[in-house]
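Trainee: This is the structure I want to talk about, given as structure tokens.
The values are calculated or read from the model by the stated rules, or taken from the named source; none is laboratory data. The structure presented is a predicted model; accordingly, all values stated were derived computationally and were not measured. We place every Cβ from the backbone using ideal geometry, glycine too, and count neighbours over all the protein chains shown.
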Amino acid sequence: MRKASVKRMVAILAAITALCLSFGAFAAGGATEIKLQIGNPAMTVDGAQQEIDPGRGTAPIIQDGRTLLPIRAVIEALGGGVIWDQETQTVVLSCGNDIITMVINDTTAFINEDAQTLDVAPVVIDGRTMLPIRFIAEGFKLDVDWDQETKTVTVSVPAEAE
């Protein structure tokens, strides 16, 4: 097995451990609606405003027609967890019973263990890891809405999951 594959498996196992230690995304009092606007470093979580990337002012951007943003605050607001492996440039996201694994500049992502092709690869911009919100939200079985007029993304927990 390649060194990168072993590290990926270690990262996934660490994410599973973190997932088991949490109470699950929706059962732990996670948010039910998050709104993000292109160019705005703040988001609303169930109506309350907070920074997307605390202390850094990073805002969502559009790249190749997809909205990218630093994801940690969003995932944590939903009750999930984020693990970053600097050496392999891998991010592992856990939310509910699902795990998403992505590698910087790679258009292959994994939802649980199923390989998926991304429209746009995760990237690092100004030292911040920027990930595609629609892919992640849909991978966690969340609803995603885009308002073209206000350039706003709304991520919400489906009513049956609350």
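Trainee: Restricting region 136-162 to residues that are among the charged types (D, E, K, R), touching a strand residue (DSSP E or B) at 6+ places or on another chain (Cβ under 7 Å) and assigned to a strand (DSSP E or B), which is farthest from Thr32 (Cα to Cα)?
Mentor: Asp145
Trainee: Surrounded by fewer than 22 Cβ atoms within 10 Å (Cβ to Cβ), over 22 Å from Pro41 (Cβ atoms) and either in contact (Cβ under 8 Å) with a residue 12 or more places away in the chain or within 13 Å of the chain's Cα centre (by Cα) (or both), is that true of Ala59?
Mentor: no
Trainee: Considering only residues that are within 23 Å of Gly81 (Cβ to Cβ) and either of a type in the set (Val, Ile, Thr) or without any contact (Cβ under 8 Å) to a residue 24 or more places away in the chain (or both), which ones fall in region 126-149?
Mentor: Listed by number, the residues that qualify are Gly127, Thr129, Ile133, Ile136, Ala137, Glu138, Asp143, Val144.
Trainee: Here are Ala11, Ala28, Ala42, Ala15: which of them is modelled with pLDDT under 95, surrounded by fewer than 17 Cβ atoms within 10 Å (Cβ to Cβ) and among the hydrophobic types (A, V, I, L, M, F, W, C)?
Mentor: Ala28
Trainee: Next up: Filter region 56-89 for residues that are part of a loop (DSSP other than H, G, I, E, B), out of contact with any Pro (no Cβ under 8 Å at 6 or more places or on another chain) and within 23 Å of Gln148 (Cα to Cα) and give the result.
Mentor: Hits for region 56-89 are Pro60, Asp64, Gly65, Pro70, Ile71.
Trainee: (1) within 13 Å of Thr129 (Cβ to Cβ); (2) assigned to a helix (DSSP H, G or I): which one isn't true of Val92, the others all being true?
Mentor: So the condition that Val92 fails would be (2).
Trainee: Taking the residues in region 108-135 that are in contact with a strand residue (DSSP E or B) (Cβ under 6 Å, 6 or more places away or on another chain) and in a helix (DSSP H, G or I) as candidates, determine which candidate is surrounded by the most Cβ atoms within 10 Å (Cβ to Cβ).
Mentor: Ile133
Trainee: Can you go through Gly79, Gly96 and tell me which one is out of contact with any strand residue (DSSP E or B) (no Cβ under 8 Å at 6 or more places or on another chain), surrounded by 15 or more Cβ atoms within 10 Å (Cβ to Cβ) and closer than 18 Å to Thr32 by Cβ?
Mentor: Gly96
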